[in-house]
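The values are calculated or read from the model by the stated rules, or taken from the named source; none is laboratory data. Remember, predicted model here, so these are calculated numbers, not experimental data. Note that we place each Cβ from the backbone using ideal geometry, even for glycine, and neighbour counts take in every protein chain shown. Remember, those area values only see protein heavy atoms, side chains included, never the ligands or the DNA or RNA. Shrake-Rupley method; radii C 1.70, N 1.55, O 1.52, S 1.80 Å.
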Amino acid sequence: MGKEQVEVLNALDVAKTQWYHFTAIIVAGMGFFTDAYDLFCISLVTKLLGRIYYHVDGAANPGSLPPTVSAAVNGVAFIGTLSGQLFFGWLGDKMGRKKVYGMTLMLMVLASVASGLSFGRDAKTVMTTLCFFRFWLGFGIGGDYPLSATIMSEYSNKKTRGAFIAAVFAMQGFGILAGGVFAIIMSSIFKTQFDSPPYEVDPLGSTVPQADYLWRIILIVGALPAAMTYYSRLKMPETARYTALVAKNMEQAAADMSKVMQMEIRVEPKKEDEKKSFGLFSKEFMSRHGLHLLGTTSTWFFLDIAFYSQNLFQKDIFSAIGWIPQAKTMNAIEEVFKIARAQTLIALCSTVPGYWFTVAFIDIIGRFAIQLMGFFFMTVFMFALAIPYDHWTLKENRIGFVVIYSLTFFFANFGPNATTFVVPAEIFPARFRSTCHGISSASGKLGAIVGSFGFLYLAQNQDPSKTDAGYHAGIGVRNSLLVLGVVNILGFICTFM
């Protein structure tokens, strides 16, 4: 590495925390805010979609999405995300972070709006178009993972790098929160405007025609935060580490950084003393970084199995412990309100604080310790829920159940959910950084797919007469929680790589 190269990067590493760091956190973080909003708001409206499009005359309970449709609506975004992570991760190392960054954002805005406008009158067309647009939404979201992490890691200084990358990721918590709050507000407005009797009183009348607008509005609003930061993303200069180390344009890197940091960075003439470079997945790469890559992919994979299955089952867990009344005792809009309220409470009390604990402590305790601690406590609390599961289902013990359930979320976020995002952005060399982050996060999404679908079926009641419509008997919630506990132990072990 030439001397002038070191000069630019040193200036970055020792820079004081400045205003532009915070701008970068907001601009990169808004992508994550949108990601979380878009990925999790679907669970707020799936029950509503079931009532609107799958109503069965004379049925005792409101219509619900058939298992295949439900799996498709939830899963297609994950499959899109996984493809986007691999594709844009690779592209970010080829074309530069900045160019690709605008693309992913535009894709998210367009797909958000399109999924809310899913056309057609009958169930099949609406669900097919919804799934089609959610795939592309996921594809854009996928690109945001490696690029946001890489940009933040390449913008920040050494001392606070962990906290800055974690702060970008923590915007996810606010995204989940915003989705819940917005759904509460919209469903309250709809409830006062278009009130209707509960399902058991009037099955058809309990879902007002206007309810069809409710889910569309909730999905479309996801486009706003992304659209608002599009301009700022276009204005951000390419990261100096990319310009210097990958594009090898020293003058440009120095000029960009001088402007951003408002200090002069000189560039000395280039001396040729470049080390021989090695390719991705070459022997050299494997011997230096192979184990790192195995570590970042495996821990993220195990974490997401636990994290996503937990998130998707929130509404089922709430119903099981009676936080959400039986579907037939409410009208359609009321149900959206109750589900959103429960999700928002969990986000407020455990998800959001967990993220910010990581931001506060990551540069003090270190990534490794936080990740081990998170996996350890997630395992403990999963077993604490599962082993005396029957005890928790009793009415008087419900609050205890929710507290422990919240704690598993808290330690997922003050733990591996944040660190698995931070580490790949720091551990790999600049020219593979975005690609390797893409591979690691895609492995996480694979875990999310396993978590969402595997557990949709696993968590069903063991008694076939008590399963959700269209499902086979599963192993029950209790045994599913035990399995998740074991998954967390595997994550704990893989952290040592």
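For the range 42-85, what is the accessible area per residue in Å², given a 1.4 Å probe and the full set of protein chains?
Details: 1370 Å² over 44 residues.
With all protein chains present, the range 42-85 gives 31 Å² per residue.
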Open item on the list: Per-residue counts of other Cβ atoms within 10 Å, averaged by peptide: what ranking do you get for 328-337, 140-149, highest first?
Closed with: 140-149, 328-337
Task: 3J(HN,Hα) from dihedral phi, the range 162-167, Karplus parametrisation 6.51/-1.76/1.60, rounded to Hz, x for glycine, proline - done: x, 5, 5, 5, 5, 5
- [ ] Mind ranking 129, 68 by accessible surface for me, highest first, 1.4 Å probe?
- [x] 68, 129
TODO: Using all C-alpha to C-alpha distances in the range 51-132, build P(r) with 10 Å bins and read off the rounded percent in each one.
DONE: 15, 36, 26, 15, 6, 2
Task: Sorted largest first, extent of the range 386-446 alpha carbons per principal axis (Å) - done: 56, 21, 14
Task: Cut-off 12 Å between beta-carbons: net charge of the residues surrounding residue 185, Lys and Arg +1, Asp and Glu -1 - done: +2
Task: Protein accessible area in the range 355-497, 1.4 Å probe - carbon and sulfur % - done: 72
Task: Surface accessible to a 1.4 Å probe, per residue, for the residues of the range 390-497, Å² - done: 38
Open item on the list: For the pair residue 158/residue 472, report the inter-label distance in nm, with labels modelled 7 Å from Cα in the Cβ direction.
Closed with: 5.7
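Ignoring ligands, DNA and RNA, what percent of the accessible area of the range 116-203 is carbon or sulfur (1.4 Å)?
Numbers: 2260 of 3250 Å².
Exposed carbon and sulfur together represent 70 percent of the surface.
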TODO: Taking only protein heavy atoms into account and a 1.4 Å probe, give the accessible area per residue of the range 347-387 in Å².
DONE: 41
Open item on the list: From the phi angles alone, apply the Karplus equation (6.51, -1.76, 1.60; θ = phi - 60°) to the range 42-49 and give each ³J(HN,Hα) in whole Hz, x where the residue is Gly or Pro.
Closed with: 5, 5, 6, 10, 4, 5, 5, 4
TODO: Step through the residues of the range 351-366 one at a time and calculate ³J(HN,Hα) from phi using the Karplus curve (6.51 cos²θ - 1.76 cosθ + 1.60, θ = phi - 60°), rounding each to whole Hz and writing x for Gly and Pro.
DONE: 5, 5, x, x, 4, 6, 4, 4, 4, 5, 10, 4, 7, 9, 7, x
- [ ] Please list 77-85, 414-422, 173-181 highest first by mean number of surrounding beta-carbon atoms within 10 Å per residue.
- [x] 414-422, 77-85, 173-181
Open item on the list: Given axes a ≥ b ≥ c from the Cα gyration tensor, I'd like to know whether the range 345-409 is rounded (a/c under 1.5), prolate (a/b larger than b/c) or oblate.
Closed with: oblate
- [ ] Note down the nm distance, to one decimal, between modelled labels 7 Å out along Cα→Cβ at residue 59 and at residue 365.
- [x] 4.5
